[in-house]
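Notes follow the structure.
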């Protein structure tokens, strides 16, 4: 039974291949037939002539189109070639025009990119300007606010002082009838004023001073025994260690105070003046510390080893009699002169012992 089925399958396969071979042969026969047809038609044109497929004119000299299987006379063929050439020129012209337009669009794109970049740069600059302007405005507003608050606070203190003064006067007038009354008052910080160069500048190594004056609400100088005045000198960074020496406040017992101080270094410092633990008006003051300017007052001596001569003078000292002692280093001595440069005496010699 299985052997019979296999036979049927072999027969079906052989029939299939036979059909395929027949189709291929048919296609090949069709192509050969078409070629033979074209050959016969072209041969007929050369012997008997044929009609043009466009104008119906008969001619032995015609062009054959294999695509449409038709003849075309020379006149129509020329027109066709002329039309094709014209069409080629039109296409070429159109291509050149499109190239020019494309190049123009490229240039426009480049210009747009440049404008975009310029706009971005300008936008960044405007943003920075706005940011800086805003910061400056905020700083100015804060400074103005602080100034106005200080003014309000000062006016408040002045008003309170005025009210207290009026209350004291009223109390004194009402309680002093037939008796004695005692009042203890202290000066408010804003009632003190500071005057003198010492609140703005100072010479390093020289004593600077300024004057503090206490005034009442009427602007008159007044004195309160219980007032406490303090002066502090610090760097702008807030340091006060060994920065100034001999800060002294002299109480004149008449409502005025003379302040003296001595600075050790150049630069700028903060001078704080407080009355009864509150800053006076304008405190702290910014003081500019200037270096001391020296100028020669006297010149004497010359190089040598004789009396009154020097070899590498190093230091000068002055005693209570205004005598000048000069260390004559390479002559191994100290020479003493009067205040006008006259030689007086010398002492010391070369050695490793005292004198």
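Please list, ordered by first then second residue, the pairs with beta carbon atoms under 9 Å, 6 or more apart or interchain, first in the range 293-308 and in the same structural domain as residue 343 (by the TED database) and farther than 19 Å from residue 328 by Cβ, second modelled with pLDDT of 85 or more and exposed (fewer than 10 other Cβ atoms within 10 Å of the Cβ).
none
Within the range 250-279, can you find the residues that are touching a helix residue (DSSP H, G or I) at 6+ places or on another chain (Cβ under 8 Å), modelled with pLDDT under 85 and surrounded by 17 or more Cβ atoms within 10 Å (Cβ to Cβ)?
275
Just to confirm my filter: which strands (runs of 3 or more DSSP E) fall fully inside the range 264-342 and include at least 1 residues that are under 30 Å from residue 211 (Cα atoms)?
Here the list reads 267-275, 285-290.
Condition first: assigned by the TED database to the domain that holds residue 275, modelled with pLDDT of 85 or more and not in a helix (DSSP H, G or I). Can you find one or more residues in the range 172-195 that meet it?
Among the residues of the range 172-195, at least one is assigned by the TED database to the domain that holds residue 275, modelled with pLDDT of 85 or more and not in a helix (DSSP H, G or I), which makes the answer yes.
Could you list all residues from the range 222-238 that are modelled with pLDDT under 80 and part of a strand (DSSP E or B)?
Of everything in the range 222-238, just one residue is modelled with pLDDT under 80 and part of a strand (DSSP E or B), namely 235.
Would you say residue 338 is assigned by the TED database to the domain that holds residue 230 and in contact (Cβ under 8 Å) with a residue 12 or more places away in the chain? Spell out how you get there, then give the answer.
Values: assigned by the TED database to the domain that holds residue 230: no; in contact (Cβ under 8 Å) with a residue 12 or more places away in the chain: yes.
Taking the combined requirement at face value, the residue does not satisfy it.
Restricting the range 285-301 to residues that are touching a strand residue (DSSP E or B) at 6+ places or on another chain (Cβ under 6 Å) and either loosely packed, with under 10 Cβ neighbours inside 10 Å or farther than 30 Å from residue 269 by Cα (or both), which is modelled with the highest pLDDT?
The selected residue is 301.
For the condition modelled with pLDDT of 70 or more, in a loop (DSSP other than H, G, I, E, B) and within 27 Å of residue 292 (Cα to Cα), what is the one hit in 205, 198?
The conditions single out 205.
The values are calculated or read from the model by the stated rules, or taken from the named source; none is laboratory data. Because the structure is predicted, anything quoted here is derived from the model rather than measured. Quick reminder, even Gly has a Cβ in these numbers, built from the backbone with ideal geometry, and neighbours come from all protein chains shown.
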